[in-house]
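Heads up, the thing below is written out as structure tokens.
The values are calculated or read from the model by the stated rules, or taken from the named source; none is laboratory data. As the structure is a prediction and not an experimental result, all values here were calculated from the model. Backbone-built Cβ (ideal geometry, glycine too); neighbour counts: all protein chains shown. Heads up: the accessible areas ignore ligands, DNA and RNA and are worked out on the full protein's heavy atoms, side chains in. Shrake-Rupley method; radii C 1.70, N 1.55, O 1.52, S 1.80 Å.
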Amino acid sequence: MAFRGLPGLAVSELVASDLGSKDLQQGIARVFVKSDEDSEHPVVLHEYLAARLAHSMGIPVPFGELAAVQHNARAWATAIVGTDGEVSAPPNPQEAAVVEPHIYSGIAAFDVWLLNIDRTDANLIWTPDVGLWAIDHEQCFNGVDPRHPNALRGVENSTHRSQVYREVTPSAELLGWWTGLIFSQGKRWVDAACDAAYQRKLASKAHIDQYRRFLHHRTLNIVFLSAHTYNLEVPDLFGQNIPGSRAD
């Protein structure tokens, strides 16, 4: 059983629950699961931070939560975005950018902020029924493992223009709106996400603080990083009212 025409979980084997209201039921759902096993970088932490920050911005990403899998290993589990719990095909970027220009440009700004090096059309979901969603964020933060000293500090000014945005450049006006939002609100979003990750014991404080410093720096410089990434002039984004300071 699922809600036709909406993104999310396909739920089966519904049974009555003895918790909450009389209308509450329990069920079994299919989810995508990722773990750090055999990975060269902390996949679960990357997915967790990316999801928290995307939700803070208002970027549609699938609902996700930490999960315990075999041998109590820590994993990241997400709802399946599609209709009736089935995965939607990758979008045509040209069509998605025309139909959902605000979200398309927001994802472009989000990818600059977190230095996501893996935004292909396969990492976007779009259909007329479910809209445009961003998925798969393990390669944010340049895909590096910041347990190595200064790993993130070495890429804090780096930029990367993914394949999708080479096909269709995001709107300068809308990109300016999103980068202004990140500049004005991003620091507190970063602190909340990093504090929550530490409280959930996803990494050591020193490890988490590398992400915090990296994201604080990119928040301050988001306008210039975005302009450089998408080959735009800063006034194209903000006119003469330019927030922030230039990246080193």
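Rolling a 1.4 Å probe across the protein heavy atoms gives region 105-248 an accessible surface of 44 Å² per residue.
In this simple spin-label approximation, residue 166 and residue 32 carry label points 7 Å from Cα along the Cα→Cβ vector, and these lie 2.2 nm apart. Compared with the direct C-alpha span, the chain from residue 195 to residue 40 gains 53.4 nm at full extension, assuming 0.36 nm per residue. Note on region 29-69: Kirkwood hydrodynamic radius from all Cα pairs is 11.3 Å, rounded to one decimal.
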